[in-house]
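Asker: Have a look at the structure that comes next, please.
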Amino acid sequence: MAKRVLTPQGEDFPRWYQDVIAKAELADNGPVRGTMVIRPYGYAIWERMQADMDARIKAAGARNAYFPLFIPESYLKREAEHVEGFSPELAVVTHAGGKQLEEPVVVRPTSETVIGEYLAKWVQSYRDLPLLLNQWANVVRWELRPRLFLRTSEFLWQEGHTAHASQEDARTYAERIHVDVYAAFMRELLAIPTVLGRKTIAERFAGATNTLALEAMMRDGKALQMGTSHELGQNFARAFGIRYLSEAGVEEHAWTTSWGSSTRMVGGLIMTHGDDHGLRVPPRLAPVQVLVTVVKAGEGVLEAARQLVTDLLGAGVRAELDDRVDTPFGRRAVDAELKGIPLRVELGPRDLADGSVVLVRRFDGSKRSMPLTAVRDAVPAQLAEDQDALYAAALAFQQERTVAVAGIDEAAEAARTGWATLPWASLGVDGERKLAESGITVRCLTMPDGSVPPSEDAEGVLAVVGRAY
């Protein structure tokens, strides 16, 4: 019997997840509990996520900036609901330079407060608005039950912060980030289908007037929140004095938003597409789309493999050469599977003699022989097909595991293996509280057609409920 590389998903999903992270060389635990070391392959995936997301954010008009890691404790106290929401997770520095600090400083859990301070300095007139900022940074939220990528005490993310002259403008921008940036990114790059909706009052971001979320279903049926976009109303503007002189010459408080996505998306990628052989990385995201593998040394084989890599690179494909013939071929094939490399092109002496190669798809493990001369033209189409196939498979899984129910008991039963939808009007705050006692939450509120409700009490609003990470 072949030795198992990974714990099967069906046997122990959390163990499978940890196995994949270790065996695919994505990350390791840091020296301080709850921290994480992201290894080069894991970081390469994050870099491609970051670059794509950054381009989308800039296309939405935001510009990158950077704000301090340390925030005066007094800043957080200015917005009472905000500090109350984050207080259990805060890391506070009380000593530095061998002395006790006059005022403790907080290691940023998010930057609404410090950015609010500077928006108040920079915004004077309606001509300064909208002010659209984004920062790529690390944040700290002290986790009691850490899990690599999903919940770590320190993680990487982007956080956007904007100020607007009207509530309508702020709302429109928060919705734009929700749909045009986050949802499009999840669908087009990560091949992850998400349900878009608004959070209930109980689940809103601390200090927000509305939170828009994207929920994805993992292979164990649980939900993972993949990103959020918040309307903050004028709460932070009042707390930090973000005022502007309107066109009519009247001093007004600005309307602000904030929005963020993080390295949690890497965890979502693993758990949405991974199988018992390891990762399955969508081709558009994959740092290496094609691995040209020399099966065995032989006259002309290495030269042909190198030329194939050159041809693929010339066709715009991210290709690499694996010529480690001193390492058993089987081990190298397993390693490529674990890392989720979308396509493998295998070439050995017999293949070269026949003028052919073996093309292996990571999506379904299928293999086929093709002429060596056909590879350059065939690969881009195969990559595009597999990108779409991963999305379709994830969407089918989500739809199969989502059931419409009429009441709380049915919802709780459905949440054992997936999600339930039921009318929010019949569930309500009391029903939400009762489900929460069993570890089941309202992931978001949505409309039957998949659009975002204009309000919680709009006619026909559905609650999507399930267990979550």
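Asker: Distance between Cα centroids, the stretch 122-192 to the stretch 380-419: provide it in whole Å.
Answerer: 26 Å
Asker: How many percent of the accessible area of the chain is carbon or sulfur, using a 1.4 Å probe?
Answerer: Looking at the chain in its full context, I get 50 percent from C and S.
Asker: Run the Debye formula on the Cα coordinates of the stretch 316-467, all scatterers equal and no solvent, and tell me log10 I(q)/I(0) at q = 0.09, 0.10, 0.13, 0.19 1/Å.
Answerer: Scattering profile of the stretch 316-467, log10 relative to I(0): -0.53, -0.59, -0.72, -1.07.
Asker: Another one. Could you give the nm distance between label points at Arg33 and Ile201, where each point is 7 Å from its Cα heading toward the beta carbon?
Answerer: 3.7 nm
Asker: Still on this structure, please answer the following. Leaving out ligands, DNA and RNA but keeping every protein chain, what accessible area does Tyr75 have, in Å² rounded to the nearest 10, with a 1.4 Å probe?
Answerer: Near enough 40 Å² of accessible area.
Asker: In square angstrom, rounded to the nearest 10, how much accessible surface does Asp377 have for a 1.4 Å probe?
Answerer: The value for Asp377 is about 120 Å².
Asker: Using the Cα gyration tensor of the stretch 16-172, with a ≥ b ≥ c the square roots of its eigenvalues, what is the shape: rounded (a/c below 1.5), prolate (a/b larger than b/c) or oblate (neither)?
Answerer: oblate
Asker: Among Lys23, Lys99, Lys222, what's the order by accessible area (1.4 angstrom probe), most exposed first?
Answerer: Output order, biggest surface exposure first: Lys99, Lys23, Lys222.
Asker: Please work out the average accessible area per residue across the stretch 18-82, using the 1.4 Å probe convention, and give it in Å².
Answerer: It amounts to 52 Å² per residue over the stretch 18-82.
Asker: Efficiency by 1/(1 + (r/R0)^6): what FRET value for Arg127 and Ala436, r their Cβ-Cβ distance, R0 = 41 Å, to the nearest 0.05?
Answerer: Rounded to the nearest 0.05, the efficiency is 0.35.
Asker: As a test of the definition: which semi-axes, in Å, follow for the stretch 259-332 when you take the square root of five times each eigenvalue of its alpha carbon gyration tensor? Largest first, please. Could the numbers behind the result be given before it?
Answerer: Details: eigenvalues 187, 57, 12 Å².
Three semi-axes, in Å: 31, 17, 8.
Asker: What is the Cα centroid distance between the stretch 88-104 and the stretch 249-315, reported in whole angstrom?
Answerer: 40 Å
Asker: Sort 234-243, 295-304, 33-42 by the packing proxy (mean of other Cβ within 10 Å over each peptide's residues), most packed first.
Answerer: Taking the mean over residues of other Cβ atoms within 10 Å, the ranking is 234-243, 33-42, 295-304.
Asker: Once phi is turned into ³J(HN,Hα) by the Karplus curve 6.51 cos²θ - 1.76 cosθ + 1.60 with θ = phi - 60°, what whole-Hz value does each residue of the stretch 275-283 show in order, with x for glycine and proline?
Answerer: For the stretch 275-283, the Karplus curve yields 10, 6, 9, x, 6, 10, 8, x, x Hz.
Asker: Roll a 1.4 Å probe over the protein heavy atoms and report the accessible area of Leu189 in Å², nearest 10.
Answerer: My reading of the accessible area for Leu189 is about 10 Å².
Asker: Okay, moving on. May I ask for the net charge around Tyr66, where only other residues with Cβ less than 13 Å from the Cβ of Tyr66 are counted and Lys, Arg are +1 while Asp, Glu are -1? Don't skip to the answer; put the middle values down first.
Answerer: Numbers: positive: Arg63, Arg108; negative: Glu159.
Combined, the nearby Lys, Arg, Asp and Glu give +1.
Asker: Just check the stretch 170-223 against the gyration tensor rule for me: Cα atoms, a ≥ b ≥ c as the square roots of the eigenvalues, rounded for a/c under 1.5, and otherwise prolate or oblate depending on whether a/b exceeds b/c.
Answerer: oblate
Asker: Using amide H atoms built in the peptide plane, which far-off residues or other-chain residues are under 5 Å from Ser166 H to H?
Answerer: Trp255
Asker: What are the residues whose amide H is under 5 Å from the amide H of Thr293, where those residues sit 5 or more places off or on another chain and H is modelled from the backbone?
Answerer: Sorted by chain and number, the residues that satisfy this are Asp322, Val345, Glu346, Leu347.
Asker: How many nm is it between the label spots at His95 and Ala381, if each spot is 7 Å from the Cα in line with the beta carbon?
Answerer: Spacing of the two 7 Å Cα→Cβ label points: 6.9 nm.
Asker: Give a residue-ordered list of calculated ³J(HN,Hα) values for the stretch 189-196 (Karplus: 6.51 cos²θ - 1.76 cosθ + 1.60, θ = phi - 60°; whole Hz; x for Gly, Pro).
Answerer: 3J(HN,Hα) across the stretch 189-196, in whole Hz: 9, 7, 6, 10, x, 10, 9, 9.
Asker: Please tell me the relative contact order of the chain in percent, rounded to the nearest whole number, where contacts are Cα pairs under 8 Å and at least six residues apart.
Answerer: For the chain, the relative contact order is 14 percent.
Asker: Given a cut-off of under 8 Å on Cα pairs at least six residues apart, what relative contact order in percent is computed for the stretch 112-217?
Answerer: Values: 107 pairs, mean separation 19.9, N = 106.
In percent, rounded to a whole number, it is 19.
Asker: Once Lys and Arg get +1 and Asp and Glu get -1 on their Cβ, which of Val123, Ser74, Trp46 lies farthest toward the positive end of the dipole of the stretch 18-149?
Answerer: Final value for the positive-end residue is Trp46.
Asker: Accessible area per residue of the stretch 347-469 at 1.4 Å probe, in Å²?
Answerer: Accessible area per residue, the stretch 347-469: 50 Å².
Asker: Taking H as built 1.01 Å from N, whose amide H comes closer than 5 Å to the amide H of Thr228, not counting residues under 5 places away?
Answerer: It is Gly260, by chain and number.
Asker: Something else about it: Please report the antiparallel percentage of the DSSP beta bridges confined to the chain, to the nearest 5.
Answerer: Of all bridge pairs located within the chain, approximately 80 percent are antiparallel.
Asker: Let me ask something additional. DSSP H helices in the chain with Cα extent of 24 Å or more along the helix axis and mean Kyte-Doolittle hydropathy at least -1.0?
Answerer: Qualifying helices, which must be both long enough and hydrophobic enough, are 40-59, 375-400.
Asker: Find the lysine pairs in the chain meeting two conditions, Cα atoms under 25 Å apart and a separation of 8 or more places or different chains, and report how many there are.
Answerer: Taking the Cα cut-off of 25 Å, the pair count is 19.
Asker: Under a Cβ-only charge scheme (Lys and Arg +1, Asp and Glu -1), can you give me the dipole magnitude of the chain about the Cα centre, in debye to the nearest 20?
Answerer: Rounded to the nearest 20 debye, it is 1040 debye.
Asker: Can I ask one more? Between Ala374 and Arg324, how high is the FRET efficiency from 1/(1 + (r/R0)^6) when r is the Cβ-Cβ distance and R₀ = 25 Å? Nearest 0.05.
Answerer: 0.45
Asker: Give me the percent relative contact order of the stretch 281-376, please, defined on Cα pairs under 8 angstrom at least 6 residues apart.
Answerer: Numbers: 161 pairs, mean separation 30.8, N = 96.
Reported relative contact order: 32 percent.
The values are calculated or read from the model by the stated rules, or taken from the named source; none is laboratory data. What you see is a predicted model; the values in this text were computed from it and never measured. Counting neighbours? That spans all protein chains shown, and the Cβs are built from the backbone with ideal geometry, glycine included. We work out accessible area using only protein heavy atoms, side chains counted, and drop any ligands, DNA or RNA first. Shrake-Rupley method; radii C 1.70, N 1.55, O 1.52, S 1.80 Å.
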